[in-house]
1. Taking helices (runs of 4 or more DSSP H) that do not extend beyond region 169-284, which have at least 2 residues that are among the basic types (Lys, Arg), in contact with a helix residue (DSSP H, G or I) (Cβ under 7 Å, 6 or more places away or on another chain) and on the phi < 0 side of the Ramachandran plot?
2. Scan region 69-89 for residues that are closer than 11 Å to Leu48 by Cα, among the hydrophobic types (A, V, I, L, M, F, W, C) and near ligand 1 (Cβ under 10 Å from one of its atoms) and jot them down.
3. Please determine whether any residue of region 78-88 is closer than 27 Å to Glu240 by Cβ, open to solvent by less than 20 Å² (accessible area, probe 1.4 Å) and not small (Gly, Ala, Ser).
4. Just checking, how many residues over region 197-231 are within 16 Å of ligand 2 (Cβ to nearest atom) and of a type outside the set (Gly, Ala, Ser)?
5. Has region 250-258 got at least one residue that is more than 23 Å from Ala151 (Cβ to Cβ), open to solvent by 20 Å² or more (accessible area, probe 1.4 Å) and among the β-branched types (Val, Ile, Thr)?
6. If I filter region 199-218 for residues that are in contact with a Pro (Cβ under 8 Å, 6 or more places away or on another chain) and crowded, with 24+ Cβ neighbours inside 10 Å, do I get at least one hit?
Amino acid sequence: MSTHGNTENMQNSSRDTVRPSAPAGAHSGVPAVAIKDVHKAFGALHVLKGINLTVNPGTVTVILGPSGSGKSTLLRLINQLETLSGGEIDVDGEMVGYRHVERGGQDRLQELTEKEIAAQREKLGMVFQRFNLFPHMTALQNVMEAPVHVAGVSKAEAKARAEKELARVGLADRAEHYPAELSGGQQQRVAIARALAMDPEIMLFDEPTSALDPELVGEVLGVMRSLADGGMTMMVVTHEIGFAREVADQVVFIDGGVVVEAGGPEIIDNPTEQRFKDFLAHVL
Ligand SMILES: Nc1ncnc2c1ncn2[C@@H]1O[C@H](COP(=O)(O)OP(=O)(O)OP(=O)(O)O)[C@@H](O)[C@H]1O
Ligand SMILES: [Mg+2]
């Protein structure tokens, strides 16, 4: 953990635990996520133009950038909801989507099977701006759904796990409620519990609080902070600068398809690049 200067602007946060993660650079093992010269184009629109980024296990990376800069696209590429136009992404030391094969003495990339891709995706939990809970299912049933129907876990085991995850996000007493009976903040916490129930190694958050009323943001950030304190590897797209300052090990500012500036959370208060300065002046 780096030292942080300013600690204002944190809602609902009692930081009385020390994160078990090692300081940046102290990891000798395999990165949780390695993004190598990643390009993504949608037709003629070249959105990502050579992104390089390493996320170490047990660390929190906050991704900042203006609207349309490709932040969601980057997370979707990691989770294989989009296909790469160039470059490589490794999760846990394993290239996503492809394997190297030798054909005619040449190294080529072969697409993985759907089953292999599904296995890779199970390492990742994703939380979106819109929670997308099933409206006809209770909170508990929403959290049980993927373990039972995707992972093939028994209903009894999935229920026990779901209860544990709902308790972890502070919703033990809302298990039998339907989404329409829950606030936005509670629904988003159910969505986090739902991702956690699949036992992911890495959690990807795409603007998890930006659809919430301001008074509900803090409870969701509080859950994310406690996940970070527990050592979860996280990549978080957010405009919550206070959260970035307090919880991030690494802050990455993306604009124009490239990483413009990256470093510890101290870069928020001491940006170098003009584009990052301008962005911060907007959001702070
Ligand atoms: N499936 C798609 N087809 C075509 N264009 C797309 C697609 N997905 C994203 N784009 C375009 O790629 C660019 C980057 O989109 P992306 O959603 O990744 O941006 P973002 O940084 O997440 O923005 P925001 O802060 O508004 O969420 C945008 O111009 C967007 O319109
Ligand atoms: Mg987005």
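The values are calculated or read from the model by the stated rules, or taken from the named source; none is laboratory data. This one's a predicted model, so the numbers in the text were calculated from it and none came from an experiment. Glycine also receives a Cβ, built like all others from the backbone with ideal geometry; neighbour counts cover every protein chain displayed. The protein model used for the area step is the full one, side chains on, heavy atoms only, and it has no ligands, DNA or RNA in it. Shrake-Rupley method; radii C 1.70, N 1.55, O 1.52, S 1.80 Å.
1. On the way: elements: 184-196, 214-229, 241-247, 274-283.
Correct list: 184-196.
2. Across region 69-89, the qualifying residues are Leu74, Leu77.
3. The answer is yes, given that some residue of region 78-88 is closer than 27 Å to Glu240 by Cβ, open to solvent by less than 20 Å² (accessible area, probe 1.4 Å) and not small (Gly, Ala, Ser).
4. Of all residues in region 197-231, those within 16 Å of ligand 2 (Cβ to nearest atom) come to 204-212.
When the remaining residues are screened for being of a type outside the set (Gly, Ala, Ser), the result is 204-209, 212.
Looking only at that region, the number is 7.
5. Residues of region 250-258 more than 23 Å from Ala151 (Cβ to Cβ): 250-258.
Still in the list and also open to solvent by 20 Å² or more (accessible area, probe 1.4 Å): 250, 255-256, 258.
Still in the list and also among the β-branched types (Val, Ile, Thr): 258.
Within region 250-258 (the criterion being more than 23 Å from Ala151 (Cβ to Cβ), open to solvent by 20 Å² or more (accessible area, probe 1.4 Å) and among the β-branched types (Val, Ile, Thr)), the answer is yes, since at least one residue qualifies.
6. no
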